[in-house]
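Reviewing the structure listed below.
The values are calculated or read from the model by the stated rules, or taken from the named source; none is laboratory data. This one's a predicted model, so the numbers in the text were calculated from it and none came from an experiment. With ideal geometry, Cβ positions are generated from the backbone for all residues, glycine too; neighbour counts draw on all protein chains shown.
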Amino acid sequence: MKPYYEHAGIQIYHGNALEVPKSIEPETVQCCVTSPPYWGLRDYGIDGQLGLEKTPEEYVEKMVMIFREVRRVLKNDGTLWLNLGDSYAGFKDCKKIPQTLAIGTRSENASVLSKGNSPTRDSRNLRQAGLKNKDLCGIPWRVAFALQKDGWYLRSDIIWAKPNPMPESVTDRPTKSHEYIFLMSKNAKYFYDADAISEPSTGRERWFGDCGYSEKSGRDDGSSKEAKEGRAIRNKRSVWTVTTKPYKEAHFATFPPDLITPCIKAGSRKGDIIIDPFGGSMTTAYVAKELNRKAIMIELNEEYIDMGINRLRQEVLPFG
């Protein structure tokens, strides 16, 4: 299968996230960083789109199939960094009224380029799935456990804390201001560069292995000259506070570059290939290029692809 666009180490494919990876050679990709469409978010008006499944089980099953292909193309020491937000079940009992699913968050692929309609839901399907009106669906964890059962190693649940979350007109629960990033690996032993994403120590870390005074020269208990002068480092924590940043041409909240950067830094080396089966506005390719990596991007919506190519040409590609 030929790329829709190819230049300077970036390949963009127009197609389905399940089918396109089948044309990629096995064990050629180092890392996958992606944010799939969330279940029940909206109708993009494109055949084969993810997220319109009638039940969480159908959505999870499709996710398992997609990431089974991703696992196939990953190198043996490869990793998956999967961003997912959750949703709430909401329906009315009257069968004559359209049944909808209320969503609390927005994904990389939510755009005014789509129809912008919430997908129709049958309340009977949701009840059969064990969901009651106003239930939090638990989609991220349903997907994570299903992938784990399918063979992935579930290594970490990272909390993306949003200082500027989407407003919600709710009065009976807190406003949702976080999403998940699951770090998964193909095998028990995998590439992970902890030094590349280490953070400044607060000086309170006193246990071996969690605080050091340089990338290469060893570890320290926090009392060294380097630590006292504020040069100590520690392992990156599992709560990442990252502000959402709109991309003006897309008119939607994109996958923030600051969220992707540590995933790529920790999960790959310079020159490695990063894959994103849900390319959206091509933010993963943008960050990969800035970090001297290559990228394979897959996107079903041709309008997104053209918008993303224009963005790459303006910001990170010298020509092409």
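A few comments on the model shown:
Yes/no per residue for (1) out of contact with any Gly (no Cβ under 7 Å at 6 or more places or on another chain); (2) surrounded by 20 or more Cβ atoms within 10 Å (Cβ to Cβ); (3) at pLDDT 95 or above; (4) not hydroxyl-bearing (Ser, Thr, Tyr):
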| site | (1), (2), (3), (4) |
| --- | --- |
| Thr241 | yes, no, yes, no |
| Ala250 | yes, yes, no, yes |
| Leu259 | yes, yes, yes, yes |
| Ser281 | no, yes, no, no |
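- Taken together, the residues in region 280-320 that are of a type outside the set (S, T, N, Q) and on the phi > 0 side of the Ramachandran plot amount to 3.
- Some residue of region 298-308 being hydrophobic (A, V, I, L, M, F, W, C) and part of a strand (DSSP E or B): yes
- Residue within region 23-46 that is more than 29 Å from Ala161 (Cβ to Cβ) and part of a helix (DSSP H, G or I) present: yes
- If you filter region 68-101 down to residues that are aliphatic (A, V, I, L, M) and modelled with pLDDT under 50, you find that the one that is nearest to Ala129 (Cα to Cα) is Leu101.
- Lys134 vs. criteria modelled with pLDDT under 95, over 25 Å from Lys245 (Cβ atoms) and part of a loop (DSSP other than H, G, I, E, B): yes
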